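Accompanying notes for the structure given below.
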Amino acid sequence: MGRVEADIRNLGIMGGSFDPIHCGHLAVAEASRVQFNLERVVFVPAYCPPHKSVEDLTPAEHRFAMVNLAIAHNPYFSSSPIEVERSCPTYAGHTIEAFHEIYGKGWKLYFITGLDAILTIINWERARTYPGICHFIAATRPGYSIDEIVKSIPEAFKSFVSILEEPRLMVSSTEIRSRVRSGESIDDMVPPEVREYIFHFKIYTDGKVSS
């Protein structure tokens, strides 16, 4: 007898640089979990995505540690070092395929990302993805037109992309890094444990990271 739809379990994959992870990431992950009935959400920090230089990113071990601190209190969240353990560059499509191999046919995969990144994520040349590899959830950001981006999504992908309009990704990692450098507060932007980690290891303060 074949597997019925009710037997399928839903898994969210939250990809990104997480430099650093912030409250917006956590809110989007939780909203996706509830709206799409995800059994869990796995955060996957990128080691060296093809559109960024690894030299421009905080060392992966620090970004991975901050992710683990941020998700520690949510029993539905976990993390995976699968991209951190790979050689450069790391592609979303290869990560999704690896999760298919790990979890098997009993799981439906949802890749969660920002609306600003969705066009890159579903581009085969840039991300090694293809229609049907998984379902994509794109969280909205201020300053980005939903209609314009939806129009740009290739027809073959449109049935595999859902737009998550609330909560919006109001916080940006770029702004957090800038505020740390200028001595401004980030108290409402990251979990307290992440804030303490950033200041303990002097991340984003002077271009150097303490060991």
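The values are calculated or read from the model by the stated rules, or taken from the named source; none is laboratory data. These numbers come from a predicted model, not from an experiment. Virtual Cβ from ideal backbone geometry, glycine too; neighbours counted across all protein chains shown.
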Residue 86 vs. criteria out of contact with any Asp or Glu (no Cβ under 7 Å at 6 or more places or on another chain), at pLDDT 95 or above, charged (D, E, K, R) and more than 25 Å from residue 200 (Cα to Cα): no
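Has region 125-132 got any residue that is within 21 Å of residue 40 (Cα to Cα), surrounded by 15 or more Cβ atoms within 10 Å (Cβ to Cβ) and either in contact with a Phe, Trp or Tyr (Cβ under 8 Å, 6 or more places away or on another chain) or small (Gly, Ala, Ser) (or both)?
no
Residue-by-condition table, conditions (1) surrounded by fewer than 15 Cβ atoms within 10 Å (Cβ to Cβ); (2) within 21 Å of residue 63 (Cβ to Cβ); (3) touching a Leu at 6+ places or on another chain (Cβ under 8 Å); (4) among the polar types (S, T, N, Q):
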{"position": "118", "(1), (2), (3), (4)": "no, no, no, no"}
{"position": "137", "(1), (2), (3), (4)": "no, no, yes, no"}
{"position": "141", "(1), (2), (3), (4)": "no, yes, yes, no"}
{"position": "156", "(1), (2), (3), (4)": "yes, no, no, no"}
From (1) surrounded by fewer than 18 Cβ atoms within 10 Å (Cβ to Cβ); (2) touching a Leu at 6+ places or on another chain (Cβ under 7 Å), pick out the condition that doesn't hold for residue 114. (1)
Listed by first then second residue, the pairs whose first member lies in region 67-92 and is among the polar types (S, T, N, Q), whose partner is at pLDDT below 95 and surrounded by 13 or more Cβ atoms within 10 Å (Cβ to Cβ), with beta carbons under 7 Å and at least 6 positions apart or on separate chains, are 90/46; 90/47; 90/48; 90/49; 90/83
Which members of region 78-89 meet the condition of being more than 15 Å from residue 67 (Cβ to Cβ) and touching a strand residue (DSSP E or B) at 6+ places or on another chain (Cβ under 9 Å)? none
Single residue of 178, 152 found to be in contact with a helix residue (DSSP H, G or I) (Cβ under 8 Å, 6 or more places away or on another chain), polar (S, T, N, Q) and more than 26 Å from residue 41 (Cα to Cα): 152
Here's a check for you: in region 161-187, which residue that is among the aliphatic types (A, V, I, L, M) and modelled with pLDDT under 95 is nearest to residue 137 (Cα to Cα)? 169
When region 99-139 is checked residue by residue, the ones that are under 16 Å from the mean Cα position of the chain (by Cα), within 27 Å of residue 8 (Cα to Cα) and small (Gly, Ala, Ser) are 114, 127, 138, 139
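For region 90-105, which residues satisfy the criterion of being surrounded by fewer than 18 Cβ atoms within 10 Å (Cβ to Cβ) and assigned to a loop (DSSP other than H, G, I, E, B)?
Filtering region 90-105 down to residues surrounded by fewer than 18 Cβ atoms within 10 Å (Cβ to Cβ) leaves 94, 97-98, 100-105.
Answer for region 90-105, where residues must be surrounded by fewer than 18 Cβ atoms within 10 Å (Cβ to Cβ) and assigned to a loop (DSSP other than H, G, I, E, B): 104, 105.
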Among the residues of region 29-41, is there at least one that is more than 24 Å from residue 162 (Cβ to Cβ), without any contact (Cβ under 8 Å) to a residue 60 or more places away in the chain and surrounded by fewer than 21 Cβ atoms within 10 Å (Cβ to Cβ)? no
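Do we find that residue 190 is within 16 Å of residue 24 (Cβ to Cβ) and either at pLDDT below 95 or touching a helix residue (DSSP H, G or I) at 6+ places or on another chain (Cβ under 7 Å) (or both) in this structure?
On the way: within 16 Å of residue 24 (Cβ to Cβ): yes; either at pLDDT below 95 or touching a helix residue (DSSP H, G or I) at 6+ places or on another chain (Cβ under 7 Å) (or both): yes.
Yes, satisfied.
Quick check on my filter: what residues within region 33-55 are aliphatic (A, V, I, L, M) and within 25 Å of residue 124 (Cα to Cα)?
To start, the set of residues in region 33-55 that are aliphatic (A, V, I, L, M) comprises 34, 38, 41-42, 44, 46, 54.
Within region 33-55, 41, 42, 44, 46, 54 meet the criteria.
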